[in-house]
1. For the stretch 174-233, please list each of the helices (runs of 4 or more DSSP H) lying entirely inside it that holds at least 1 residues being hydroxyl-bearing (Ser, Thr, Tyr) and open to solvent by 10 Å² or more (accessible area, probe 1.4 Å).
2. All but one of (1) more than 14 Å from Tyr239 (Cβ to Cβ); (2) at pLDDT 90 or above; (3) of a type in the set (D, E, K, R) hold for Glu188; which doesn't?
3. Look at the stretch 100-129 and say how many of its residues are open to solvent by 50 Å² or more (accessible area, probe 1.4 Å), at pLDDT 90 or above and either touching a Leu at 6+ places or on another chain (Cβ under 9 Å) or in a strand (DSSP E or B) (or both).
4. So which residues in the stretch 63-99 are within 16 Å of Lys182 (Cα to Cα), open to solvent by less than 50 Å² (accessible area, probe 1.4 Å) and outside any loop (DSSP other than H, G, I, E, B), if there are any at all?
5. Here are some conditions: (1) within 15 Å of the chain's Cα centre (by Cα); (2) farther than 15 Å from Pro181 by Cβ. Asn60 meets all but one. Which one does it not meet?
6. Do we find a residue being among the aliphatic types (A, V, I, L, M), under 25 Å from Ile204 (Cβ atoms), without any contact (Cβ under 8 Å) to a residue 40 or more places away in the chain and in contact with a Lys or Arg (Cβ under 8 Å, 6 or more places away or on another chain) anywhere in the stretch 80-97?
7. Restricting the search to the stretch 1-28, which residues are open to solvent by 80 Å² or more (accessible area, probe 1.4 Å) and either modelled with pLDDT of 95 or more or not in a helix (DSSP H, G or I) (or both)?
8. Determine whether Arg185 is within 30 Å of Thr125 (Cβ to Cβ) and under 17 Å from the mean Cα position of the chain (by Cα).
Amino acid sequence: MLSLDLMSHTLDAELSTKARILVVEDEAVIRDMIVMGLEEEGYEVFFADNGRTGLNMLQNPEFNAPDMPLDLVILDIMLPEVNGLDLCRFLRYQGNTIPILVLSAKASETDRVLGLEVGADDYLTKPFSLRELVARCRALLRRQQFIRSTPKNSVRQFKDISLFPEECRVMVRGEEVNLSPKEYRLLELFMSYPRRVWSRDQLIEQVWGADFLGDTKTVDVHIRWLREKLELDPSQPEYLITVRGFGYRFG
């Protein structure tokens with residue numbers, strides 16, 4: 001039997017030979033450091049120096065084809081032409097669920113929450129170490145590979161909510177709702193185990209991954225956003241129930 005360390009090493013080796021990463025960063029020194037560091041890890045890395053070029057690359061079917069898609073985007077916020085937040089927001093609006101790691105010199109809680117709110121999967125503040133960047137990339141790529149390899153089940157239904165795993169689509173009371181990737185993954189997990197109580201740490205591990213380095217408060221933020229989209233009265237939730245002293249349950 002393989003040891004956990006050997007299994008982790010094998011998975012990372014498999015990821016590095018397959019993963020395709022796009023770096024959108026206008027500062028040449030930082031961009032070159034990231035590209036060189038990721039290439040040394042064995043990833044296939046592409047780059048753009050402004051938001052417009054990055055968006056064009058993401059929308060180019062010859063570059064980001066269904067049979068050979070990009071696996072991760074590393075996205076600076078302060079970009080010329082199209083800034084990172086607008087680019088991230090636009091991708092999520094289009095239904096693009098590619099993992100996005102946001103880079104920013106803004107380190108306040110408000111800025112981090114804003115980055116997550118527009119659809120980023122992780123947020124890393126400058127200056128950062130290359131080692132931490134690589135670790136966060138690995139965590140996002142592991143989750144992406146798990147999602148792609150997990151067999152899609154049939155429609156999941158709970159009262160007035162229908163979730164379509166093969167389409168990453170959710171209907172609430174007969175109308176489609178637009179969920180961010182994290183909101184969708186939270187809802188999918190909840191609907192897979194109705195009435196099970198999840199702690200914040202368990203939700204972080206299942207949805208954000210064990211390597212997530214942020215605050216567990218991000219769970220509360222995403223639960224609030226989900227309630228606003230699912231509940232008739234978010235202050236009196238019918239679906240996402242707080243279990244005081246433990247966490248949350250669905251239904």
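1. 181-192, 217-230
2. With respect to (1) more than 14 Å from Tyr239 (Cβ to Cβ); (2) at pLDDT 90 or above; (3) of a type in the set (D, E, K, R), Glu188 is out only on (1).
3. Qualifying residue count for the region: 0.
4. Leu72, Val73, Cys88, Leu91, Arg92
5. The single condition Asn60 does not satisfy is (1).
6. Initially, the stretch 80-97 is screened for residues among the aliphatic types (A, V, I, L, M), giving 82, 85, 87, 91.
Imposing the further condition that a residue be under 25 Å from Ile204 (Cβ atoms) reduces the set to 85, 91.
Those left that are additionally without any contact (Cβ under 8 Å) to a residue 40 or more places away in the chain: 85, 91.
The next check asks that each one be in contact with a Lys or Arg (Cβ under 8 Å, 6 or more places away or on another chain); those that pass are none.
No, because not a single residue in the stretch 80-97 is among the aliphatic types (A, V, I, L, M), under 25 Å from Ile204 (Cβ atoms), without any contact (Cβ under 8 Å) to a residue 40 or more places away in the chain and in contact with a Lys or Arg (Cβ under 8 Å, 6 or more places away or on another chain).
7. Result: Met1, Leu2, Glu27.
8. Working: within 30 Å of Thr125 (Cβ to Cβ): yes; under 17 Å from the mean Cα position of the chain (by Cα): yes.
Considered against the rule, which asks whether it is within 30 Å of Thr125 (Cβ to Cβ) and under 17 Å from the mean Cα position of the chain (by Cα), Arg185 comes out as yes.
The values are calculated or read from the model by the stated rules, or taken from the named source; none is laboratory data. Keep in mind that what you see is a predicted model, and the values were worked out from it rather than measured. Here Cβ is always computed from backbone atoms with ideal geometry, including for glycine, and neighbour counts include all displayed protein chains. Heavy atoms of the whole protein, side chains included, go into the accessibility calculation; ligands, DNA and RNA do not. Shrake-Rupley method; radii C 1.70, N 1.55, O 1.52, S 1.80 Å.
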